[in-house]
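Structure first, then comments.
The values are calculated or read from the model by the stated rules, or taken from the named source; none is laboratory data. It should be emphasised that the depicted structure is a prediction, and the values quoted were computed from it without experimental measurement. Neighbour counts run over all protein chains shown; Cβ positions are idealised from the backbone, glycine included. Side chains included, ligands, DNA and RNA excluded: accessible areas come from the protein's heavy atoms. Shrake-Rupley method; radii C 1.70, N 1.55, O 1.52, S 1.80 Å.
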Amino acid sequence: DAGITQSPRHKVTETGTPVTLRCHQTENHRYMYWYRQDPGHGLRLIHYSYGVKDTDKGEVSDGYSVSRSKTEDFLLTLESATSSQTSVYFCAIIAGENYNEQFFGPGTRLTVL
Amino acid sequence: TQLLEQSPQFLSIQEGENLTVYCNSSSVFSSLQWYRQEPGEGPVLLVTVVTGGEVKKLKRLTFQFGDARKDSSLHITAAQPGDTGLYLCAGDPTPSQNFVFGPGTRLSVLP
């Protein structure tokens, strides 16, 4: 258990509304990640952070923004949710001496109607 | 086009059988990880391999990293219903702490 929590765990929203998902970690990890998981695609990287206020885009970043104002929290915002953003969202951190082991939160299931 | 391909996509076997699943790429990876994911949960790390040709064992699971560090396999001996799940491979091609995932192999072990 890497001390990662995600909130909310489930959310249903309507097209065009803003949505913010929160990832919280308790072990002072430097790297944090947001992925989405869809059938047939595995996990795809949305954004990641390598420190407070240091973020970068991943493979599927369009329509998403992130913020990291303190080490323990990494927020993912959908500025104007679309049905194509219906997915399961996972937060992860990196640990291990070579920074090559990821540990995941329990996920947030988001449905955009 | 996926950077990492996994095969088979689906596998259904009887308890006690052996199986192998594969993770392949045309790219070289500095390290490769295997995860197992159960419904409604996040992926759980099983193993990390970093050296070409490396073999690691985790009880009945044997992981191998290809000599050229472009592919990996997971072999399960005497599968049990508790092995049921989605098996994902992931790798860091650069290294850059930026990982790519395969689409997964969904394994079902029937009692």
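With all pairs of different C-alpha atoms in the average, the Kirkwood value for the hydrodynamic radius of the range A:4-112 is 13.8 Å. Converting phi to 3J(HN,Hα) with the Karplus coefficients 6.51, -1.76 and 1.60 and the offset θ = phi - 60°, the range B:46-62 yields 9, 7, 10, 10, 10, 10, x, x, 5, 10, 10, 10, 9, 6, 8, 9, 10 Hz in sequence order, with x at every glycine or proline.
In this structure chain B gives 46 Å² per residue of accessible area when probed at 1.4 Å with all protein chains present.
Counting only other chain Cβ atoms within 10 Å of each residue's Cβ, the peptide A:90-99 averages 3. Chain B and chain A together bury an accessible surface of about 1600 square angstrom, both sides counted, with a 1.4 Å probe and no ligands or nucleic acids included. Annotation: lysines with alpha-carbon distance below 30 angstrom to A:LYS70 (same-chain offsets under eight excluded): A:LYS11, A:LYS53, A:LYS57.
For B:THR51, what charge total do you get from the other residues with a beta carbon under 13 Å from its beta carbon, if Lys and Arg give +1 and Asp and Glu give -1? Intermediate values should be presented prior to the final figure.
Details: positive: B:LYS56, B:ARG69; negative: B:GLU54, B:ASP67.
That sum, taken over residues with Cβ under 13 Å, equals 0.
Size check on the protein assembly as shown: the Cα extents along the three principal axes, sorted descending, read 49, 36, 33 Å. With N counted as the residues of chain B, its alpha-carbon radius of gyration over 2.2 N^0.38 Å works out to 1.01. Rounded to the nearest 20 debye, the dipole magnitude of the protein assembly as shown is 160 debye, with +1 charges on Lys and Arg beta carbons, -1 on Asp and Glu beta carbons, and the Cα centre as origin.
How large a share of the accessible area of the range A:4-112, in percent, is made up of carbon and sulfur atoms when the probe is 1.4 Å and the other protein chains stay in place? Intermediate results must be reported in sequence, preceding the final value.
Numbers: 2300 of 5050 Å².
Here it works out to 45 percent.
Computed from the C-beta positions of B:THR94 and A:GLU97 and an R0 of 25 Å, the FRET efficiency is 0.90 to the nearest 0.05. Sequence-ordered 3J(HN,Hα) estimates for the range A:55-64 from the Karplus curve with 6.51, -1.76 and 1.60 and θ = phi - 60° stand at 9, 8, 7, x, 5, 10, 7, 4, x, 10 Hz, glycine and proline given as x. What the phi angles of the range A:17-33 give under the Karplus curve with 6.51, -1.76 and 1.60, with θ = phi - 60°, is a coupling list of 8, x, 9, 10, 10, 10, 10, 10, 10, 10, 10, 6, 6, 6, 8, 9, 9 Hz, glycine and proline written as x. Calculated FRET efficiency, A:GLU14 to B:SER30, Cβ-Cβ distance, R0 = 30 Å: about 0.10 to the nearest 0.05. Per-residue shielding of B:38-47, expressed as the average number of other chain Cβ atoms within 10 Å of the residue Cβ, stands at 5.
Within chain B, what's the longest stretch lacking trypsin sites (Lys or Arg not before Pro) that sit in DSSP loops with no more than 14 other Cβ atoms inside 10 Å?
On the way: sites that count: B:LYS59, B:ARG60.
With trypsin sites (Lys or Arg not before Pro) excluded where exposed in loops, chain B gives B:1-58 as its longest stretch.
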